[in-house]
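K.L.:
Dumping the structure here so I can ask a few things about it.
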Amino acid sequence: MHPFSRSQEAKEMFQAQSHLYNHTFNFISSMSLKCAVQLRIPDVIYDHKRPMTLIDLASKLRIHPSKATCLYRLMRVLVHSGIFAETVVPRDGKQEEEIKAYVLTPSSCLLLNDKATGLSPFVATMLDPALVSPWHFLGDWLGGNNHEDCRDKLNNPFEAVHGVNIWDYGRKNPEFGNTFNTAMAGDCQLMNLVIKDYKEIFEGLNSLVDVGGGTGTMARIISEVCPGLKCTLLDLPHVVAGLPESESENVKFVGGDMFESIPSADAILLKVCTLGIALL
């Protein structure tokens with residue numbers, strides 16, 4: 001074999017290896033993001049009002065000194081992922097000496113808990129063990145050919161792992177269910193920016209039903225932008241139970257199952273969420 005051919009083959013093999021390693025370790029970025037949300041690092045840096053050094057961050061988070069190196073590595077991953085950015089500030093007020101400090105990026109600004117568009121609950125929900133664990137059994141579920149095994153009769157890996165669908169799981173685990181609904185509401189808030197700019201898509205409609213609309217964030221946004229449009233929110237009874245009626249008379253809540261019946265309306269809104277990807 002010509003030497004050039006061997007070097008080209010080696011190059012392709014190393015590129016393939018790097019590609020596989022990249023996908024293998026992608027979970028580190030997701031889990032680091034989850035950790036940042038759990039520790040509320042975006043809020044801590046935001047409340048600091050200025051770039052925050054690692055020492056200050058560790059102090060505010062009450063990280064034990066023995067774990068400071070781990071926090072440093074975590075922040076390196078998050079900076080590399082674009083969740084935070086680095087800058088330099090004077091060390092102890094000495095202009096001639098500088099030290100690295102962390103600042104927010106547009107991505108971490110979306111994780112602030114006091115913002116209506118905060119996506120921290122969304123991150124926490126999508127990376128919750130309840131939604132992550134089914135992925136570990138995807139191969140078993142797909143390859144299971146023993147129809148006597150109840151797992152093979154279930155519709156997706158989530159049901160194979162938990163024995164119930166996502167909706168029943170949320171009802172049996174209220175903490176997860178509440179976080180899930182909050183996550184969907186935060187995700188919908190971003191649609192406020194889209195609907196205001198493209199409200200003409202609702203022209204000519206007198207009524208609309210938001211199927212699986214959760215706690216009504218999307219329906220309320222549409223109602224505010226299009227005051228003459230009657231909006232009905234359809235979701236499972238335990239989701240809509242106890243929800244406060246909208247100040248607008250144009251929004252009403254209906255408990256039911258979209259697989260059984262959907263209220264009559266001029267149009268149906270079915271917002272596609274990444275949850276479908278998470279559950280396959």
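Bear in mind these aren't lab numbers, they're just calculated from the coordinates by the rules spelled out. What you see is a predicted model, and the numbers here were worked out from it, not measured in a lab. Virtual Cβ from ideal backbone geometry, glycine too; neighbours counted across all protein chains shown.
K.L.:
Using the Kirkwood radius built from alpha carbon pairs, what does the Stokes-Einstein equation give as D for segment 191-279 at 37 °C and 0.692 mPa s, in µm² per second? Can you show the working numbers first?
P.N.:
Values: Rh = 13.4 Å.
Answer, rounded: 245 µm²/s.
K.L.:
Mind ordering 219-230, 51-62 by average Cβ neighbours within 10 Å, highest first?
P.N.:
Output ranking for 219-230, 51-62: 219-230, 51-62.
K.L.:
Is it possible to state the helix-based mean residue ellipticity at 222 nm for the chain, with each DSSP H run of 4+ residues giving -39500 (n - 2.57), the sum divided by total residues, to the nearest 500 deg cm²/dmol? What is it?
P.N.:
Numbers: 16 runs with 144 residues, N = 280.
Computed mean residue ellipticity for the chain: -14500 deg cm²/dmol.
K.L.:
Over segment 188-243, one equal point on each Cα, no solvent: what is log10 I(q)/I(0) by the Debye formula at q = 0.14, 0.26, 0.27 Å⁻¹?
P.N.:
-0.36, -1.06, -1.12
K.L.:
Quick one: length gained pulling ASP140 to ALA85 fully straight, 0.36 nm per residue minus the C-alpha distance? Before the final figure, lay out the partial values.
P.N.:
Values: separation 55, 0.36 × 55 = 19.80 nm, distance 4.02 nm.
Separation in residues times 0.36 nm, less the Cα-Cα distance, equals 15.8 nm.
K.L.:
If one puts a single equal scatterer on every Cα of segment 59-125 and applies the Debye formula without solvent, what log₁₀ I(q)/I(0) results at q = 0.16, 0.17 Å⁻¹?
P.N.:
Debye output, listed in q order: -0.73, -0.80.
K.L.:
Further question on the same structure: Taking amide H atoms as placed 1.01 Å from N in the peptide plane, list the residues 5 or more away in sequence, or in a different chain, whose amide H sits under 5 Å from that of ALA101.
P.N.:
Under 5 Å from the amide H of ALA101 lie the amide H atoms of THR87, VAL88, VAL89, each far enough along the sequence or on another chain.
K.L.:
Based on C-alpha coordinates, I'd like the Rg and Dmax of segment 153-221, in Å.
P.N.:
My reading of the Cα-based Rg and Dmax gives 16.0, 45 Å.
K.L.:
Next up: Neighbour counts of other C-beta atoms within 10 Å: give me PHE84, PHE259 arranged from fewest to most.
P.N.:
PHE259, PHE84
K.L.:
Same structure again: For segment 126-137, take each phi angle, set θ = phi - 60°, evaluate the Karplus expression 6.51 cos²θ - 1.76 cosθ + 1.60, and give the result in whole Hz per residue in order, putting x for glycine and proline.
P.N.:
5, 9, 5, x, 4, 9, 7, 4, x, 5, 5, 10
K.L.:
Show me the ranking of peptides 35-45, 125-135 by mean Cβ neighbours inside 10 Å, starting with the highest. Each step should come with its number before you reach the end.
P.N.:
On the way: 35-45: 19.7, 125-135: 17.4.
Put in order of decreasing packing, that is 35-45, 125-135.
K.L.:
Related question: Starting from the 7 Å offset along Cα-to-Cβ, what nm value, one decimal, do you get for the label separation of PHE259 and SER59?
P.N.:
It works out to 5.5 nm between the two label points.
K.L.:
So, one more: List residues of segment 181-206, by number, whose backbone nitrogen lies under 15 Å from a label position 7 Å along Cα→C-beta of VAL225.
P.N.:
Only 187-205 fall inside the zone, counting backbone N under 15 Å.
K.L.:
A further question on this structure: Work out, step by step, the length gained on full extension between LEU193 and CYS70: first 0.36 nm times the residue separation, then minus their alpha carbon distance; give nm to one decimal.
P.N.:
Working: separation 123, 0.36 × 123 = 44.28 nm, distance 3.82 nm.
40.5 nm is the gain from fully extending LEU193 to CYS70.
K.L.:
Here are labelled values, [x] 69; [y] 63; [z] 56, and one is the computed percent of Cα pairs over 22 Å apart for what I pasted. Which one?
P.N.:
Label of the calculated value: [x].
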